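The structure appears right after this line, and notes come after that.
The values are calculated or read from the model by the stated rules, or taken from the named source; none is laboratory data. What you are looking at is a predicted structure, and each value in this text was computed from that prediction instead of being measured. Heads up, the Cβs are rebuilt from the backbone with ideal geometry, glycines too, and the neighbour counts pull from every protein chain shown. Note: accessible area is taken over every heavy atom of the protein model, side chains too, but ligands, DNA and RNA are not part of it. Shrake-Rupley method; radii C 1.70, N 1.55, O 1.52, S 1.80 Å.
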Amino acid sequence: MKSAKINTNEIEANAQDDYSLDKVPRDKRTMGWFSVTNIAFGIATAIFYFQMGSVMALQFGAMNAIISATYAIIVAGILGTFIAYLSAKSGMNVNLLSRGGGFGYIGASLTSFIYATNFIMYCAFEGLILVSAIHTFFPVIPEWALIVFFGALVIPLNWFGIKQLDKLQKWSLPIFGIFLITAIVVSFYKPSGYEGAFWTYMPEGVEVGGKALLMCIGMHHGIMGLTALLASDYARFLKPKDTKLGSLAIGFIPQIFCFGVMGGLGIWFGVRLGDPNPGVYIVLLLGMGGALFTLLTQLRINVTNVYSASLSLSNFFENIFKFTPGRRFWVVVSGISAILLMLGGIVDHLDTAMTFQGVFLLAWAAILVTDAMVVKKMLKIGPNFYEARQEFLYKWNPVGVLSLVVASGLGTIAALGYMGSFLESTAAFFSAILAAILTVGIAIITKGKYYTHSMPEDIHDDDRIA
């Protein structure tokens, strides 16, 4: 048996760096479930969910958008709860969980890099909504200048890590609530472009269910995996006594607000005002207040996007290239990358990006949950804990790597329409189910051989999942 070697300097560096390269020690898991949920809640207040609801309602009908939102809350909430629980138990985010959760330390690096690109792309999408709102109110300011300014603004807001994010989200939440209620009240006094109840709106030739519903579900798949996986970046700081309640809160509350409240309001605004772009209609409703509201919501979401991207990039470059400049370096890289994507017009490829992100991210989430709950807990295959240190791990574990490659590959083929219209719209869900099946099958075949090549002796009993 090889015992663990704990490098004090490395632990201290990680403490200042939000533990981007190591698990959070038990004595550092000191945040209550409400504070952690509040930070995760930052993603739920993004105006992007307004836009999704508005686009779905105007293109595919309000009822189809509502049914799809309900589906998204249930599926993403379940996945998010399980992932938050695993993160709270182990003190690791999904990048580190993946190392001992079926991928190996090099295999997990690949997921970390793709995960980081997802957050950077969403940072660009969200940033462009903000730029659109400000430019509508101040057309004299060039869009490129707004992109550079607001893209760079998230960098200092991320400088001091999780504690700074907690304060930012906590103090900005009441202001967000006031703006949101004001927008709802003002919209009641605006003449509606649709005379009936908003949930009855249906474009000509569209019916409830069928292709239209599948198209809405396909759009939701593009973001569901991200919101579920995101929970791990914050749940790892939960107090051990708050693990169960906190996991449920972090797993479901943001999803309910993302898809239910914000998405539902997007449906309502879109139908009443006849416009799918919240960067435009919020400003029309509230004037300068609308521009400030958009600024607040987009900064809330983009600080979490850049934070998660920086953690993932830290993991990737540490594993592959042994390059460890610190999380703050990757905050700058993430912010600059998002600015370049905005300047390059990434929003023109929104539908395509969301489709393929959904395929990959839902498959990855399904592998992590299946590996923990079925392989480790039920079948007792592999260790009943998570290990992220390279000295104990194989470079590759076929359980996660093969499952992800095959499932996301076939899911991509399905998303391109080569397996029929049904699987084209449900490609992400198809890839997730396939990934779960493959995870169990490959784990049984390999008998858990590639999880660890030596066993650490310093795993706390409360960090074990079975």
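A few remarks follow.
- Residue in the stretch 266-279 that is nearest to Val359 (Cα to Cα), counting only those that are of a type in the set (A, V, I, L, M, F, W, C) and open to solvent by 30 Å² or more (accessible area, probe 1.4 Å): Trp268
- Listed by position, the helices (runs of 4 or more DSSP H) contained in the stretch 23-119 that have at least 1 residues being among the β-branched types (Val, Ile, Thr) and without any contact (Cβ under 8 Å) to a residue 60 or more places away in the chain are 62-90.
- Contacts under 6 angstrom Cβ, first residue in the stretch 172-194 being outside any helix (DSSP H, G or I), partner basic (Lys, Arg) and open to solvent by less than 50 Å² (accessible area, probe 1.4 Å), 6 or more apart: Ser192/Arg272
- Index of the failed condition, Pro203 passing every other in (1) under 16 Å from Asn64 (Cβ atoms); (2) part of a helix (DSSP H, G or I): (2)
- Evaluation of Ile442 against (1) without any contact (Cβ under 8 Å) to a residue 24 or more places away in the chain; (2) open to solvent by less than 50 Å² (accessible area, probe 1.4 Å); (3) within 25 Å of Asn93 (Cβ to Cβ) (one fails), failing number: (1)
For (1) closer than 24 Å to Ile267 by Cβ; (2) open to solvent by 10 Å² or more (accessible area, probe 1.4 Å), each residue gets a yes or a no:
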| residue | (1), (2) |
| --- | --- |
| Gly196 | yes, yes |
| Glu207 | yes, yes |
| Gly218 | yes, yes |
| Gly222 | yes, no |
| Leu229 | no, no |
| Lys241 | no, yes |
| Ile253 | yes, yes |
| Ile256 | yes, yes |
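- Hits in the stretch 130-154 - residues which are surrounded by 18 or more Cβ atoms within 10 Å (Cβ to Cβ) and either touching a Lys or Arg at 6+ places or on another chain (Cβ under 7 Å) or of a type in the set (Val, Ile, Thr) (or both): Val131, Ile134, Thr136, Ile147, Val154
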